[in-house]
Amino acid sequence: MIYTLTLNPALDYVVKTEEFLPGELNRMESEQLFVGGKGINVSRVLKTLGVSSTAMGFVAGFIGKEIEESLTKEGISTDFVRLGKGNSRINIKIKAEQETELNGKGPKVDIAAKEKLFRKLGCLKKGDILVMSGSNANGLSDDIYAGIMQSLEGRGIDFVVDASGGLLKKALCFKPWLIKPNKQELEQFFDCRIESTDQALIYAKRFLEYGTKNILLSLGKDGAIFVSSQELAYKVTAPLGKVVNTVGAGDSMVAGFLAGHSLYENTEEILKLAVASGSATAFSGDLAQKEDIVHLFDKVMIEKI
(Lines give C-alpha, C1' and ligand atoms only; values in the text may rest on other atoms or scores of the structure.)
Protein backbone atom coordinates (compact mmCIF):
# COMPACT_ATOMS: atom_id res chain seq x y z
CA MET A 1 0.00 0.00 0.00
CA ILE A 2 1.15 3.53 -0.75
CA TYR A 3 0.65 6.23 1.87
CA THR A 4 1.20 9.91 1.11
CA LEU A 5 1.96 12.36 3.89
CA THR A 6 1.12 16.05 3.49
CA LEU A 7 1.82 17.88 6.74
CA ASN A 8 0.32 21.20 5.65
CA PRO A 9 -2.35 20.60 2.96
CA ALA A 10 -4.32 23.42 1.39
CA LEU A 11 -7.01 24.55 -0.95
CA ASP A 12 -5.36 26.23 -3.92
CA TYR A 13 -7.42 29.17 -5.17
CA VAL A 14 -6.24 29.79 -8.73
CA VAL A 15 -7.34 33.02 -10.41
CA LYS A 16 -6.58 34.39 -13.86
CA THR A 17 -6.50 38.03 -14.82
CA GLU A 18 -5.24 39.76 -17.94
CA GLU A 19 -3.14 42.15 -15.89
CA PHE A 20 -2.30 42.16 -12.18
CA LEU A 21 -1.68 45.61 -10.70
CA PRO A 22 -0.51 45.63 -7.06
CA GLY A 23 -2.26 48.24 -4.95
CA GLU A 24 -5.20 48.55 -7.35
CA LEU A 25 -8.55 46.88 -7.96
CA ASN A 26 -8.07 43.77 -10.11
CA ARG A 27 -10.90 41.78 -11.68
CA MET A 28 -10.66 38.05 -12.29
CA GLU A 29 -11.30 36.48 -15.66
CA SER A 30 -11.70 33.02 -14.14
CA GLU A 31 -11.25 31.17 -10.87
CA GLN A 32 -10.72 27.54 -9.85
CA LEU A 33 -10.37 25.73 -6.54
CA PHE A 34 -8.14 22.67 -6.16
CA VAL A 35 -7.10 20.48 -3.26
CA GLY A 36 -3.39 21.17 -2.83
CA GLY A 37 -0.31 19.83 -1.13
CA LYS A 38 2.53 17.77 -2.60
CA GLY A 39 1.58 14.43 -1.07
CA ILE A 40 -2.06 14.97 -2.00
CA ASN A 41 -0.98 15.68 -5.58
CA VAL A 42 0.84 12.34 -5.61
CA SER A 43 -2.30 10.56 -4.42
CA ARG A 44 -4.46 12.26 -7.05
CA VAL A 45 -2.16 11.32 -9.94
CA LEU A 46 -1.78 7.77 -8.61
CA LYS A 47 -5.57 7.54 -8.67
CA THR A 48 -5.78 8.58 -12.31
CA LEU A 49 -3.17 5.91 -13.10
CA GLY A 50 -5.24 3.27 -11.33
CA VAL A 51 -3.05 2.91 -8.24
CA SER A 52 -4.58 3.16 -4.76
CA SER A 53 -3.13 5.20 -1.94
CA THR A 54 -4.12 6.69 1.40
CA ALA A 55 -3.61 10.41 1.99
CA MET A 56 -2.45 11.37 5.48
CA GLY A 57 -1.40 14.52 7.32
CA PHE A 58 -3.09 17.25 9.35
CA VAL A 59 -6.32 19.12 8.57
CA ALA A 60 -8.29 21.69 10.52
CA GLY A 61 -11.56 23.62 10.39
CA PHE A 62 -14.02 23.90 7.51
CA ILE A 63 -11.20 24.09 4.97
CA GLY A 64 -9.79 20.82 6.27
CA LYS A 65 -13.23 19.25 6.01
CA GLU A 66 -13.46 20.38 2.38
CA ILE A 67 -10.04 18.85 1.66
CA GLU A 68 -11.15 15.48 3.05
CA GLU A 69 -14.50 15.53 1.28
CA SER A 70 -12.97 16.52 -2.06
CA LEU A 71 -10.51 13.63 -1.92
CA THR A 72 -13.24 11.20 -0.92
CA LYS A 73 -15.31 12.30 -3.92
CA GLU A 74 -12.32 11.48 -6.13
CA GLY A 75 -12.20 7.99 -4.65
CA ILE A 76 -9.03 8.57 -2.62
CA SER A 77 -8.80 7.09 0.88
CA THR A 78 -7.86 9.49 3.67
CA ASP A 79 -6.62 9.10 7.22
CA PHE A 80 -5.87 12.63 8.39
CA VAL A 81 -5.33 13.84 11.93
CA ARG A 82 -7.98 16.49 12.56
CA LEU A 83 -6.72 19.43 14.63
CA GLY A 84 -8.95 21.02 17.25
CA LYS A 85 -8.08 24.63 16.42
CA GLY A 86 -7.53 26.77 13.35
CA ASN A 87 -8.11 26.16 9.68
CA SER A 88 -6.13 24.43 6.98
CA ARG A 89 -4.58 27.00 4.69
CA ILE A 90 -5.71 28.59 1.46
CA ASN A 91 -3.03 29.32 -1.14
CA ILE A 92 -3.76 32.00 -3.71
CA LYS A 93 -2.24 31.58 -7.17
CA ILE A 94 -2.57 34.64 -9.42
CA LYS A 95 -1.93 33.91 -13.08
CA ALA A 96 -1.29 37.03 -15.16
CA GLU A 97 1.77 38.15 -17.18
CA GLN A 98 3.75 36.67 -14.29
CA GLU A 99 2.58 34.10 -11.79
CA THR A 100 2.21 35.35 -8.22
CA GLU A 101 1.61 33.12 -5.23
CA LEU A 102 0.43 33.92 -1.72
CA ASN A 103 0.58 30.83 0.47
CA GLY A 104 -1.09 30.51 3.86
CA LYS A 105 0.76 29.53 7.01
CA GLY A 106 -1.58 26.79 8.19
CA PRO A 107 -2.75 25.72 11.66
CA LYS A 108 -0.34 24.94 14.48
CA VAL A 109 0.29 21.28 15.20
CA ASP A 110 0.63 20.47 18.91
CA ILE A 111 2.42 17.54 20.54
CA ALA A 112 -0.79 15.53 20.98
CA ALA A 113 -1.59 15.78 17.26
CA LYS A 114 1.97 14.83 16.33
CA GLU A 115 1.77 11.76 18.58
CA LYS A 116 -1.55 10.79 17.01
CA LEU A 117 0.03 10.93 13.55
CA PHE A 118 2.88 8.69 14.73
CA ARG A 119 0.34 6.17 16.07
CA LYS A 120 -1.43 6.11 12.71
CA LEU A 121 1.86 5.64 10.88
CA GLY A 122 2.72 2.85 13.30
CA CYS A 123 0.16 0.69 11.48
CA LEU A 124 2.29 0.60 8.30
CA LYS A 125 3.81 -2.78 7.53
CA LYS A 126 6.47 -4.49 5.43
CA GLY A 127 6.17 -3.69 1.74
CA ASP A 128 4.31 -0.40 2.26
CA ILE A 129 5.57 2.83 0.72
CA LEU A 130 5.43 6.14 2.61
CA VAL A 131 5.73 9.28 0.51
CA MET A 132 6.73 12.35 2.55
CA SER A 133 6.35 15.43 0.41
CA GLY A 134 6.48 19.17 0.78
CA SER A 135 6.91 21.79 3.43
CA ASN A 136 6.59 21.41 7.17
CA ALA A 137 3.56 22.20 9.29
CA ASN A 138 3.41 25.12 11.70
CA GLY A 139 4.74 23.96 15.08
CA LEU A 140 6.90 21.05 13.88
CA SER A 141 10.70 20.98 13.67
CA ASP A 142 12.60 20.10 10.50
CA ASP A 143 13.51 16.67 11.85
CA ILE A 144 9.89 15.48 11.53
CA TYR A 145 10.54 13.29 8.47
CA ALA A 146 13.66 11.87 10.08
CA GLY A 147 11.69 11.15 13.26
CA ILE A 148 9.01 9.32 11.32
CA MET A 149 11.60 7.24 9.47
CA GLN A 150 13.38 6.42 12.71
CA SER A 151 10.12 5.30 14.34
CA LEU A 152 9.43 2.92 11.43
CA GLU A 153 13.02 1.77 10.91
CA GLY A 154 13.52 -1.95 10.38
CA ARG A 155 9.96 -2.69 9.28
CA GLY A 156 10.68 -3.08 5.58
CA ILE A 157 8.92 0.16 4.61
CA ASP A 158 10.18 2.11 1.59
CA PHE A 159 10.46 5.86 2.19
CA VAL A 160 10.11 8.49 -0.52
CA VAL A 161 11.24 12.00 0.40
CA ASP A 162 10.43 15.01 -1.78
CA ALA A 163 11.51 17.96 0.33
CA SER A 164 14.25 20.54 0.67
CA GLY A 165 16.49 22.12 3.30
CA GLY A 166 16.66 20.58 6.73
CA LEU A 167 13.73 18.24 6.07
CA LEU A 168 15.70 16.50 3.34
CA LYS A 169 19.13 16.72 4.96
CA LYS A 170 18.01 15.11 8.22
CA ALA A 171 15.94 12.45 6.45
CA LEU A 172 18.96 11.29 4.44
CA CYS A 173 20.43 9.73 7.57
CA PHE A 174 17.77 7.01 7.31
CA LYS A 175 18.57 6.07 3.72
CA PRO A 176 15.33 6.75 1.82
CA TRP A 177 14.40 4.48 -1.06
CA LEU A 178 13.76 7.49 -3.34
CA ILE A 179 14.37 11.22 -3.25
CA LYS A 180 13.24 13.65 -5.95
CA PRO A 181 15.08 16.96 -5.78
CA ASN A 182 14.75 19.51 -8.55
CA LYS A 183 17.63 21.48 -10.02
CA GLN A 184 17.21 24.43 -7.66
CA GLU A 185 17.04 22.17 -4.60
CA LEU A 186 20.16 20.32 -5.76
CA GLU A 187 22.02 23.61 -6.11
CA GLN A 188 20.89 24.74 -2.66
CA PHE A 189 21.80 21.45 -1.01
CA PHE A 190 25.34 21.31 -2.39
CA ASP A 191 25.82 25.10 -2.62
CA CYS A 192 26.71 24.84 -6.29
CA ARG A 193 25.66 26.03 -9.73
CA ILE A 194 24.42 23.43 -12.22
CA GLU A 195 24.98 24.42 -15.85
CA SER A 196 25.09 21.07 -17.65
CA THR A 197 23.74 17.54 -17.56
CA ASP A 198 27.20 16.25 -16.67
CA GLN A 199 27.32 18.53 -13.63
CA ALA A 200 23.81 17.53 -12.58
CA LEU A 201 24.78 13.86 -12.81
CA ILE A 202 27.88 14.35 -10.66
CA TYR A 203 25.94 16.03 -7.87
CA ALA A 204 22.97 13.65 -8.11
CA LYS A 205 25.38 10.74 -7.59
CA ARG A 206 26.66 12.38 -4.41
CA PHE A 207 23.34 11.55 -2.77
CA LEU A 208 24.31 7.88 -3.06
CA GLU A 209 27.02 8.57 -0.48
CA TYR A 210 24.24 9.14 2.08
CA GLY A 211 22.81 5.69 1.38
CA THR A 212 19.90 6.87 -0.75
CA LYS A 213 18.91 4.05 -3.12
CA ASN A 214 17.32 6.05 -5.96
CA ILE A 215 17.57 9.70 -7.03
CA LEU A 216 15.12 11.16 -9.52
CA LEU A 217 16.34 14.66 -10.35
CA SER A 218 13.65 16.71 -12.10
CA LEU A 219 14.94 19.26 -14.59
CA GLY A 220 11.71 20.95 -15.68
CA LYS A 221 11.30 21.17 -19.46
CA ASP A 222 14.61 19.28 -19.83
CA GLY A 223 13.16 16.13 -18.28
CA ALA A 224 15.03 14.27 -15.56
CA ILE A 225 18.13 12.37 -14.52
CA PHE A 226 17.84 9.09 -12.66
CA VAL A 227 20.62 7.51 -10.60
CA SER A 228 20.40 4.36 -8.51
CA SER A 229 22.61 2.46 -6.08
CA GLN A 230 22.58 -0.38 -8.63
CA GLU A 231 24.92 1.75 -10.74
CA LEU A 232 22.22 2.74 -13.20
CA ALA A 233 22.10 6.26 -14.63
CA TYR A 234 19.66 7.59 -17.21
CA LYS A 235 18.91 10.88 -18.88
CA VAL A 236 15.20 11.24 -19.65
CA THR A 237 14.15 13.88 -22.17
CA ALA A 238 10.66 15.33 -21.77
CA PRO A 239 8.31 15.59 -24.76
CA LEU A 240 7.75 18.97 -26.38
CA GLY A 241 4.67 20.93 -25.40
CA LYS A 242 3.37 24.26 -24.14
CA VAL A 243 3.93 24.62 -20.41
CA VAL A 244 0.83 26.17 -18.82
CA ASN A 245 1.12 24.88 -15.25
CA THR A 246 4.21 24.03 -13.21
CA VAL A 247 2.35 23.39 -9.94
CA GLY A 248 2.33 19.67 -9.19
CA ALA A 249 4.53 18.60 -12.10
CA GLY A 250 7.23 17.22 -9.79
CA ASP A 251 4.61 15.48 -7.64
CA SER A 252 3.15 13.94 -10.79
CA MET A 253 6.60 12.65 -11.66
CA VAL A 254 6.82 10.92 -8.28
CA ALA A 255 3.37 9.40 -8.80
CA GLY A 256 4.34 8.17 -12.26
CA PHE A 257 7.51 6.61 -10.87
CA LEU A 258 5.58 4.77 -8.15
CA ALA A 259 2.83 3.67 -10.53
CA GLY A 260 5.51 2.48 -12.92
CA HIS A 261 6.90 0.18 -10.26
CA SER A 262 3.52 -1.51 -9.96
CA LEU A 263 3.09 -1.81 -13.74
CA TYR A 264 6.56 -2.49 -15.18
CA GLU A 265 9.73 -4.36 -14.33
CA ASN A 266 11.83 -2.39 -16.82
CA THR A 267 13.50 0.73 -15.40
CA GLU A 268 13.23 2.57 -18.69
CA GLU A 269 9.45 2.16 -18.82
CA ILE A 270 9.16 3.26 -15.20
CA LEU A 271 11.09 6.44 -15.98
CA LYS A 272 9.09 7.10 -19.13
CA LEU A 273 5.87 6.95 -17.11
CA ALA A 274 7.35 9.27 -14.49
CA VAL A 275 8.36 11.96 -16.98
CA ALA A 276 5.19 11.54 -19.06
CA SER A 277 3.17 12.14 -15.88
CA GLY A 278 5.14 15.25 -14.96
CA SER A 279 4.88 16.61 -18.50
CA ALA A 280 1.13 15.93 -18.72
CA THR A 281 0.59 18.07 -15.64
CA ALA A 282 2.85 20.82 -16.98
CA PHE A 283 0.85 20.91 -20.22
CA SER A 284 -2.58 21.08 -18.50
CA GLY A 285 -4.48 23.40 -16.18
CA ASP A 286 -4.69 20.85 -13.35
CA LEU A 287 -2.98 17.60 -12.49
CA ALA A 288 -2.41 15.07 -15.27
CA GLN A 289 -5.17 12.81 -16.52
CA LYS A 290 -4.47 9.23 -17.63
CA GLU A 291 -5.26 9.81 -21.31
CA ASP A 292 -2.76 12.69 -21.46
CA ILE A 293 -0.08 10.60 -19.77
CA VAL A 294 -0.66 7.69 -22.15
CA HIS A 295 -0.47 10.08 -25.12
CA LEU A 296 2.93 11.37 -24.01
CA PHE A 297 4.44 8.06 -22.88
CA ASP A 298 6.04 7.07 -26.20
CA LYS A 299 7.25 10.63 -26.79
CA VAL A 300 9.59 10.46 -23.80
CA MET A 301 13.18 9.76 -24.87
CA ILE A 302 15.58 7.92 -22.59
CA GLU A 303 19.25 7.04 -22.72
CA LYS A 304 21.82 5.49 -20.42
CA ILE A 305 24.57 7.85 -19.30
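Tabulated data
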item	result
Restricting region 29-80 to residues that are in a strand (DSSP E or B) and among the hydroxyl-bearing types (Ser, Thr, Tyr), the residue that is nearest to Ser284 (Cα to Cα)	Ser30
Cβ pairs under 8 Å, 6+ apart, first in region 268-294 and closer than 16 Å to Asn214 by Cβ and polar (S, T, N, Q), second assigned to a helix (DSSP H, G or I) and at pLDDT below 95	none
Matching residues, region 91-149, being assigned to a loop (DSSP other than H, G, I, E, B) and touching a strand residue (DSSP E or B) at 6+ places or on another chain (Cβ under 7 Å)	Asn103, Gly104, Lys105, Gly106, Pro107, Val109, Leu124, Asp128, Gly134, Ala137, Gly139
Top-ranked residue of region 173-209 - restricted to ones that are within 21 Å of Asp251 (Cα to Cα) and part of a loop (DSSP other than H, G, I, E, B), ranked as nearest to the chain's Cα centre (by Cα)	Lys180
Residue tally, condition in a loop (DSSP other than H, G, I, E, B), more than 19 Å from Glu195 (Cβ to Cβ) and in contact (Cβ under 8 Å) with a residue 60 or more places away in the chain, over region 214-237	1
Search result, residues across region 253-286 that are touching a Pro at 6+ places or on another chain (Cβ under 8 Å) and modelled with pLDDT under 95	none
Close pairs from region 182-206: first at pLDDT below 90, partner in a strand (DSSP E or B) and not aliphatic (A, V, I, L, M), Cβ under 8 Å, at least 6 apart	Thr197/Lys235
Matching residues, region 230-269, being loosely packed, with under 15 Cβ neighbours inside 10 Å and polar (S, T, N, Q)	Gln230, Thr246, Ser262, Asn266
Residue match in region 141-152 (condition: over 18 Å from the mean Cα position of the chain (by Cα), among the hydroxyl-bearing types (Ser, Thr, Tyr) and closer than 21 Å to Lys38 by Cα)	yes
Candidate set from region 45-84 (those that are of a type in the set (D, E, K, R) and over 22 Å from Ile148 (Cβ atoms)); member that is surrounded by the fewest Cβ atoms within 10 Å (Cβ to Cβ)	Lys73
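Per-residue answers, yes or no, for (1) touching a residue at least 24 places away in the same chain (Cβ under 8 Å); (2) closer than 19 Å to Val254 by Cα:
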| site | (1), (2) |
| --- | --- |
| Leu21 | no, no |
| Met28 | no, no |
| Ile40 | yes, yes |
| Ile76 | yes, yes |
| Phe118 | yes, no |
| Leu121 | yes, no |
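The values are calculated or read from the model by the stated rules, or taken from the named source; none is laboratory data. Quantities reported herein were computed from a predicted structural model and do not represent experimental measurements. Cβ sites come from the backbone with ideal geometry, for glycine too, and all protein chains shown count toward neighbours.
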